[in-house]
1. Filter the stretch 191-207 down to the residues that are outside any strand (DSSP E or B) and either at pLDDT below 85 or of a type in the set (A, V, I, L, M) (or both) and list them by number.
2. Residues that are in contact with a strand residue (DSSP E or B) (Cβ under 7 Å, 6 or more places away or on another chain) and among the hydrophobic types (A, V, I, L, M, F, W, C): find the strands (runs of 3 or more DSSP E) completely inside the stretch 310-356 holding 3 or more of those.
3. Considering only residues that are touching a helix residue (DSSP H, G or I) at 6+ places or on another chain (Cβ under 8 Å) and part of a loop (DSSP other than H, G, I, E, B), which ones fall in the stretch 82-94?
4. I need the full set of residues from the stretch 307-363 which are surrounded by fewer than 17 Cβ atoms within 10 Å (Cβ to Cβ), at pLDDT 95 or above and at positive phi, in order please.
5. If residue 362 satisfies every condition in (1) under 20 Å from residue 264 (Cβ atoms); (2) touching a Lys or Arg at 6+ places or on another chain (Cβ under 6 Å); (3) of a type in the set (Val, Ile, Thr) but one, which is the exception?
6. Look through 96, 109 and report the one residue that is among the charged types (D, E, K, R), surrounded by fewer than 19 Cβ atoms within 10 Å (Cβ to Cβ) and within 16 Å of the chain's Cα centre (by Cα).
7. Got a number for residues in the stretch 175-190 being touching an Asp or Glu at 6+ places or on another chain (Cβ under 9 Å) and in contact (Cβ under 8 Å) with a residue 60 or more places away in the chain?
8. Any chance the stretch 112-127 includes a residue that's closer than 25 Å to residue 368 by Cα, part of a strand (DSSP E or B), without any contact (Cβ under 8 Å) to a residue 24 or more places away in the chain and not hydrophobic (A, V, I, L, M, F, W, C)?
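The values are calculated or read from the model by the stated rules, or taken from the named source; none is laboratory data. Here the structure is a predicted model, which means the values were calculated and not measured. Positions of Cβ are backbone-derived with ideal geometry, glycine not excepted, and every protein chain shown enters the neighbour counts.
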Amino acid sequence: MKFNKLNVYLLAIIVLLIAFLLLDKRFLPAKSPLPQFSPSNADLISTVINYIKTDYLEEPNPVRITEGAYRGLINSLDPLSAYLDKDLASRYLNRKPPARGTGLVVFKKYGVFPMVVAVRENSPAAAAGLKVGDNISAINDRNTMNLSLLETSLLLEAEPGSNDQTPVRLRVFRGSETLEIEVNRDFILKDNLEFKAGPSGLVVLRPTSIYQGLSAEISRTLKARLKTRPAPKAAVLDLRDCWGGDYEEARKLINLFIKAEEVASLESRGQKEAIACPDSPEFPDLRLFAWVNQATCGPAEVVAGVLKDLDRARTIGLDTPGLAGIQETFPLSDGSLVVLTTAVFSLKSGTKLWDNSLPLDVKLPYSISMDKLYQDRTLNLLSSQN
């Protein structure tokens with residue numbers, strides 16, 4: 001009876017894989033060559049499953065095999081798609097921002113370890129000595145290789161509503177070193193706009209994310225600053241480490257500086273929806289620069305990409321991850337959850353902000369003195385435009 005139950009699970013996996021290939025031949029990235037499905041693919045899958053069933057050293061756990069198949073199918077699609085088991089699905093659905101976490105921002109593709117792309121100031125991660133470029137191979141002894149970015153992020157957060165103060169254990173690769181580090185998960189990143197009056201008439205505006213209400217806050221800040229004397233010569237949107245946020249707010253922010261019937265588009269399976277900024281801009285003539293880096297993600301990529309694409313701002317910095325897309329959730333009957341990317345953003349010029357960095361006017365090398373490097377290159381561009 002137990003053997004028959006295993007056969008049923010394995011057969012279900014075979015059917016799942018074959019159905020996936022048959023129903024959607026576009027499951028691979030657009031840049032990848034499209035394989036032709038043939039009966040030999042089904043034979044190959046069946047053969048592999050049969051080897052596991054008959055020759056593996058012990059009887060496989062059918063639940064684990066099934067979950068592994070789901071995870072491999074979904075997590076390998078793109079960095080933002082994910083399969084969440086029942087526990088992580090519950091965490092995700094009960095998540096109420098701002099979540100308590102470590103202060104780490106990580107980027108991950110399927111089959112590689114998560115890499116730290118930002119460490120928030122005054123966070124537990126900063127106090128523990130974690131650095132940009134560190135690779136996390138395990139979280140609480142759980143291997144991260146085949147996890148999705150979403151799974152990784154959830155495991156780095158405290159459980160919603162929990163008072164558990166137990167730190168998370170991380171195994172970190174740094175160069176040739178392997179480090180075991182414990183990090184508290186009590187850091188809350190609050191929506192905030194940092195304002196600085198820079199040298200030579202620069203106004204630097206740095207948001208933590210593209211949060212709702214940001215465009216109104218930037219509008220008030222710039223209006224007040226433009227009334228001072230001498231008036232600023234240019235504004236900098238410092239979008240470094242600006243991870244996540246709201247796409248509608250990104251559109252409103254763009255509309256502060258430019259009016260156009262189409263500034264970008266949202267594309268999904270051959271359909272294209274134009275994104276417009278129809279209102280009169282409040283700051284049509286203010287010179288703009290956008291600072292970006294490896295942790296400028298999603299809505300922030302749209303803001304900087306559109307302003308650059310329409311020749312409204314100069315972009316300076318490091319390549320961005322190319323994660324400007326929309327995700328939808330699909331619950332499964334066992335309480336698990338599938339998260340799929342269903343649409344991606346493209347600039348008016350046709351450049352996709354998906355799996356591509358936004359176009360840069362000045363690409364910088366990574367340095368320990370990044371602030372000065374950004375500032376110097378911005379002043380050079382400003383002086384050349386005078």
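1. Step one: of the stretch 191-207, the residues outside any strand (DSSP E or B) are 191-192, 198-201.
Residues satisfying the conditions are 198, 199, 200, 201.
2. Values: elements: 314-317, 325-331, 337-347.
Strands (runs of 3 or more DSSP E) meeting the threshold: 337-347.
3. First, pick out the residues of the stretch 82-94 that are touching a helix residue (DSSP H, G or I) at 6+ places or on another chain (Cβ under 8 Å): 82-85, 88, 91-92.
Answer for the stretch 82-94, where residues must be touching a helix residue (DSSP H, G or I) at 6+ places or on another chain (Cβ under 8 Å) and part of a loop (DSSP other than H, G, I, E, B): just 85.
4. The answer is 311, and nothing else.
5. So the condition that residue 362 fails would be (1).
6. Values: 96 fails: within 16 Å of the chain's Cα centre (by Cα).
After applying the criteria, what remains is 109.
7. Residues flagged as touching an Asp or Glu at 6+ places or on another chain (Cβ under 9 Å) and in contact (Cβ under 8 Å) with a residue 60 or more places away in the chain within the stretch 175-190 amount to 1.
8. First, pick out the residues of the stretch 112-127 that are closer than 25 Å to residue 368 by Cα: 113-127.
After this cut, where a residue has to be part of a strand (DSSP E or B) as well, the list is 115-119.
The next check asks that each one be without any contact (Cβ under 8 Å) to a residue 24 or more places away in the chain; those that pass are 115-116, 119.
From what is left, the residues that are not hydrophobic (A, V, I, L, M, F, W, C) are none.
For the stretch 112-127, residues closer than 25 Å to residue 368 by Cα, part of a strand (DSSP E or B), without any contact (Cβ under 8 Å) to a residue 24 or more places away in the chain and not hydrophobic (A, V, I, L, M, F, W, C): absent.
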